[in-house]
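The values are calculated or read from the model by the stated rules, or taken from the named source; none is laboratory data. What you see is a predicted model, and the numbers here were worked out from it, not measured in a lab. Counting neighbours? That spans all protein chains shown, and the Cβs are built from the backbone with ideal geometry, glycine included. Side chains are part of the model used for accessible areas, which takes the heavy atoms of the whole protein and leaves out ligands, DNA and RNA. Shrake-Rupley method; radii C 1.70, N 1.55, O 1.52, S 1.80 Å.
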Amino acid sequence: MARYTGPVCRRCRREGEKLFLKGEKCVKNSCPVAKRPTPPGQHGNARPKKLSEYGQQLREKQKAKRIYGVLEKQFRKYFEIARNIPGVTGENLLRLLELRLDNVVFRLGYGRSRTEARQIVRHNLITVNGKRVNIPSYQVKVGDVIAVRDKSKSLDRFKEVLDMTNGRPIPDWLTREAEQLRGVVAALPTREHITIPVKETYIVELYSK
């Protein structure tokens with residue numbers, strides 16, 4: 001499967017804001033976005049040009065893809081599914097992305113970043129309703145119980161992760177039992193619960209052309 005292997009912080013600099021792709025590093029003073037708040041490349045310090053309508057739409061799409069760690073082909077599939085679901089297409093799209101298993105693991109605080117949460121899922125450390133699931137894109141449903149495997153709860157990696165994510169707020173659509181290292185999807189996320197800095201209407205306009 002194709003994946004991005006370049007410098008992660010370069011992506012945040014390109015969008016001009018922190019996308020929190022590196023977990024702990026993003027909240028430290030060593031964050032490259034804080035030290036060099038200009039786009040990457042030799043023309044990064046040049047006077048920024050005003051984006052066209054298409055440019056604004058493209059940037060919002062790229063931002064959403066980078067936050068959730070999804071490549072173009074898969075992202076387009078999510079959009080097609082969202083368009084065929086009753087309701088607002090943009091909100092449906094973000095809801096589908098939020099209900100990915102790797103994102104839920106991240107939201108529950110079991111990963112410092114979505115990248116780490118994806119790795120945790122792939123390493124068979126997570127169960128859904130008592131069964132191991134190692135597919136990061138697995139769509140969870142209301143009532144699903146997401147938990148760290150019993151054999152993995154004592155791993156030092158989770159102790160370190162939980163120490164770092166202890167103060168991170170849990171979305172209202174999830175409930176977490178911290179001591180048992182498990183959480184429950186209590187409801188479907190609504191737009192007000194999805195706090196990522198993305199204007200989803202721009203994405204819908206881009207794909208609707």
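Counting only helices (runs of 4 or more DSSP H) that sit wholly inside segment 80-172, those with at least 3 residues that are open to solvent by 20 Å² or more (accessible area, probe 1.4 Å) and free of Cβ contacts under 8 Å to residues at least 40 places away in the same chain are 156-165. Can you say whether GLU53 is acidic (Asp, Glu), modelled with pLDDT under 95 and within 28 Å of GLN119 (Cβ to Cβ), as far as the supplied structure shows? When the stated conditions are applied, GLU53 does not pass them. Looking at segment 183-207, which of its residues are of a type in the set (A, V, I, L, M) and without any contact (Cβ under 8 Å) to a residue 60 or more places away in the chain? If the condition is that a residue be of a type in the set (A, V, I, L, M) and without any contact (Cβ under 8 Å) to a residue 60 or more places away in the chain, then VAL184, ALA186, ALA187 are the ones that fit. I'd like to know if segment 200-209 contains one or more residues that are over 15 Å from PHE79 (Cα atoms), part of a helix (DSSP H, G or I) and open to solvent by 30 Å² or more (accessible area, probe 1.4 Å). Within segment 200-209 (the criterion being over 15 Å from PHE79 (Cα atoms), part of a helix (DSSP H, G or I) and open to solvent by 30 Å² or more (accessible area, probe 1.4 Å)), the answer is no, since none of the residues qualifies.
Out of VAL104, VAL133, VAL142, VAL184, one residue alone is more than 17 Å from the chain's Cα centre (by Cα), closer than 28 Å to GLU72 by Cβ and at pLDDT 95 or above. It is VAL133. For segment 173-199, residues that are touching a helix residue (DSSP H, G or I) at 6+ places or on another chain (Cβ under 7 Å), assigned to a strand (DSSP E or B) and charged (D, E, K, R) total 0.
Among the residues making up segment 72-87, a single one is under 14 Å from VAL198 (Cβ atoms) and not aromatic (Phe, Trp, Tyr): ALA82.
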